Structure formats: structure tokens, C-alpha cells
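Only one structure is covered here, and it is reproduced in the block below.
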Amino acid sequence: DDAAAVDELLWGYTRDDGRDAATSARLVDWLGSDEVAIRELAMFHIKMITGRDYDFHPTAPKPQRDAAVTHWQEFLRRNGSLIPAEE
């Protein structure tokens, strides 16, 4: 499963991918991965798509990462995707 995630993350994403709810949710879910490489790649793409990081640091202690992931999950609940429809 991790290999498939890394493969997908290495192919990359565009800003248009950020308009897709499923892709957005998958990227945010990967922020909670146990593998630092997956967290790093997911945050790289999220920041490239949105310009935001909400203080997520892939190597930070788990409680700090979890707080940032919760912030991203709330963002998705409010907007539906990383790039809201009105943008």
C-alpha cells in the first residue's frame, strides 16, 4: 500500500487535481501516514496546490502533526477540495 502511495505521489499533481474531492482527501489522508516520505510528498503537493501548509511539518511530533491534519480535514469539510469551486 505504501509503495502505491509513493508511486502516485511521485507522478505528482496539478492545481486542477486540487479541485477533485477524492484526490484532495487522499492527499490529506497521507499527511497522517506512518511513513515520513509519504507525509513529505503529500505536504509538498498540498502546498504546491494551495500555497498553504497550516504548520504541518512531516517530521514534527505526532501530536503536532495530528493538529495540522485536523486543520486540513476541517478545510476539506468546509470547501470540498483543496481548491474550492469558487476559485
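For this structure, a couple of remarks:
- Only the Cβ atoms of Lys and Arg (+1) and of Asp and Glu (-1) were treated as charged; on that basis the dipole of the chain about its Cα centre amounts to roughly 320 debye.
- In nm, spacing of pseudo-spin labels at V36 and A22 (7 Å Cα→C-beta vector): 3.3
- Here the accessible area is traced with a 1.4 Å probe on the protein chains. For the chain, carbon and sulfur cover 52 percent of it.
- Segment D66-N79, length gained on full extension (0.36 nm per residue, minus Cα span): 2.7 nm
The values are calculated or read from the model by the stated rules, or taken from the named source; none is laboratory data. Predicted model, so just to flag it, every value in this text is computed and none were measured. Here Cβ is always computed from backbone atoms with ideal geometry, including for glycine, and neighbour counts include all displayed protein chains. In case anyone asks, the SASA skips ligands and DNA or RNA and just uses the protein heavy atoms, side chains included. Shrake-Rupley method; radii C 1.70, N 1.55, O 1.52, S 1.80 Å.
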